[in-house]
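S.K.: Have a look at this one.
The values are calculated or read from the model by the stated rules, or taken from the named source; none is laboratory data. This one's a predicted model, so the numbers in the text were calculated from it and none came from an experiment. Quick reminder, even Gly has a Cβ in these numbers, built from the backbone with ideal geometry, and neighbours come from all protein chains shown.
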């Protein structure tokens, strides 16, 4: 599917529609808000208050892009109340504890947020008396990682070593259970709910200041003339610009809304094979774009376990949805680093300009 056809499909499905987004104050959620604004959707967000300063949500004045509800996804009654009051046409569930290393420090909170939060959302949807399409966003780390060069397909076993990965795999199991138990695609005419899950690779993009992520760490170091510490230089990840999965989620929601029996399932969203890069390669490409900067490798053998090799097979999304990555790793890094270099003039304008360039 050509990008102009995708853009028109998104406009046709989201303009004037009600879209409920959990995790809207986060990095990926803020990009979702900005894209939905360009599509003319009416958005309600549900999330904790944005963390840290600066943060993308406040920089783009997210409160003007949606009706923002600041609450915990674990508050079952509040979540149900807000969903039922809003009566959404679409729900994108992105609220999560999303950091591997934090999950070692806060395992209970990670499981509560990622597993129970997903359960509470789907239970609220079960009680919703209207047509609604739901995309539950998880991660590429839901697979039982064998640390091989084989790219994971959607029907492969789920697993997870660390609390974050395993909690997201559990969220996938919950989603599949609700789909089979309450939202059977072949009974759509009765319940009018379509539920899909989306598994994305490592995302990069302007406005991410999270701890223990390579691009935010890199930008902080290079901006302050400090040496970047690279923990896992040989780790391979499916890097992609944040707009790739965000627009993939929206396309999945649109396609599922039109043909729920076909698209209410799991989809991978990742880069082309050539853009699965080692962390060291990503840093060296970034150095060329940033022009100045330095790094050193410092591998801590006692650090918590993180996957060393992870690749996604995106053939299903390409074949069935007509989605494909638009920006290779060099373009994704160029757009990302240019955002950080230029955002202070007007963060929303540069964000919208990059969305415009992506959608054509």
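S.K.: Output the qualifying pairs, or none if there are none: Cβ atoms under 8 angstrom, residues six or more apart or on different chains, first residue in region 320-340 and touching a residue at least 12 places away in the same chain (Cβ under 8 Å) and on the phi > 0 side of the Ramachandran plot, second residue crowded, with 20+ Cβ neighbours inside 10 Å and part of a helix (DSSP H, G or I).
M.R.: The qualifying pairs are 322/6; 322/251.
S.K.: Select from region 251-304 the residues that are touching a helix residue (DSSP H, G or I) at 6+ places or on another chain (Cβ under 7 Å), in contact (Cβ under 8 Å) with a residue 60 or more places away in the chain, part of a helix (DSSP H, G or I) and within 20 Å of residue 331 (Cβ to Cβ) and list them in ascending order.
M.R.: Selection gives 251, 279, 282, 283, 286, 290.
S.K.: If residue 182 meets every condition in (1) under 21 Å from residue 272 (Cβ atoms); (2) in contact with a helix residue (DSSP H, G or I) (Cβ under 7 Å, 6 or more places away or on another chain); (3) surrounded by fewer than 23 Cβ atoms within 10 Å (Cβ to Cβ) apart from one, which number is that one?
M.R.: Here residue 182 meets the rest and fails (1).
Every residue, every condition in (1) within 16 Å of residue 285 (Cα to Cα); (2) crowded, with 20+ Cβ neighbours inside 10 Å; (3) within 20 Å of the chain's Cα centre (by Cα), yes or no:
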residue: 211; (1), (2), (3): no, no, yes
residue: 215; (1), (2), (3): yes, yes, yes
residue: 240; (1), (2), (3): yes, yes, yes
residue: 249; (1), (2), (3): no, yes, yes
residue: 259; (1), (2), (3): no, no, no
residue: 262; (1), (2), (3): no, no, no
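Let's see how each residue does on (1) on the phi > 0 side of the Ramachandran plot; (2) in contact (Cβ under 8 Å) with a residue 24 or more places away in the chain; (3) surrounded by 20 or more Cβ atoms within 10 Å (Cβ to Cβ):
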{"residue": "67", "(1), (2), (3)": "no, yes, no"}
{"residue": "77", "(1), (2), (3)": "no, no, no"}
{"residue": "85", "(1), (2), (3)": "no, no, no"}
{"residue": "88", "(1), (2), (3)": "no, yes, yes"}
{"residue": "91", "(1), (2), (3)": "no, yes, yes"}
{"residue": "94", "(1), (2), (3)": "no, yes, yes"}
{"residue": "104", "(1), (2), (3)": "no, yes, no"}
{"residue": "107", "(1), (2), (3)": "no, yes, no"}
{"residue": "110", "(1), (2), (3)": "no, yes, yes"}
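S.K.: From (1) surrounded by fewer than 20 Cβ atoms within 10 Å (Cβ to Cβ); (2) assigned to a loop (DSSP other than H, G, I, E, B); (3) at pLDDT 95 or above, pick out the condition that doesn't hold for residue 50.
M.R.: Status for residue 50: all satisfied but (1).
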